[in-house]
């Protein structure tokens with residue numbers, strides 16, 4: 001059973017995995033297709049970054065591309081002030097990591 005999300009995102013699941021929104025699930029499906037096509041080697045979900053003060057930021061996907069690149073993706077509908085601050089901290093503390101918003 002899913003609870004209503006405060007930003008009207010619709011929780012859902014696929015492959016036994018719970019997603020915060022349909023958009024996040026859609027990106028998961030796209031990444032599976034890209035992996036099957038050989039464009040993505042592998043991807044991880046819910047990758048944690050530990051920030052000062054005991055704060056944790058969780059990125060939706062870390063993607064290992066066949067060309068050797070690694071990307072970090074966050075599926076966002078609404079960019080809250082808290083998200084913007086955490087994203088900036090991650091990018092500053094874990095440089096050269098950048099987070100792409102999907």
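For q = 0.14, 0.15, 0.25 Å⁻¹, what log10 I(q)/I(0) does the chain give under the Debye formula with an equal point scatterer on each alpha carbon and no solvent? Cα-only, vacuum Debye calculation for the chain: -0.59, -0.67, -1.40. Using a simple spin-label model with pseudo-atoms 7 Å out from Cα toward Cβ, residue 92 and residue 47 lie 2.1 nm apart. In this simple spin-label model, placing a label point 7 Å from the Cα along the Cα-to-Cβ direction at both residue 15 and residue 71 gives a separation of 1.8 nm.
Read-outs throughout are calculated quantities, based only on the coordinates presented, and are distinct from any laboratory measurement. Since the structure is predicted, the reported quantities are computational estimates derived from the model, not experimental observations. Positions of Cβ are backbone-derived with ideal geometry, glycine not excepted, and every protein chain shown enters the neighbour counts.
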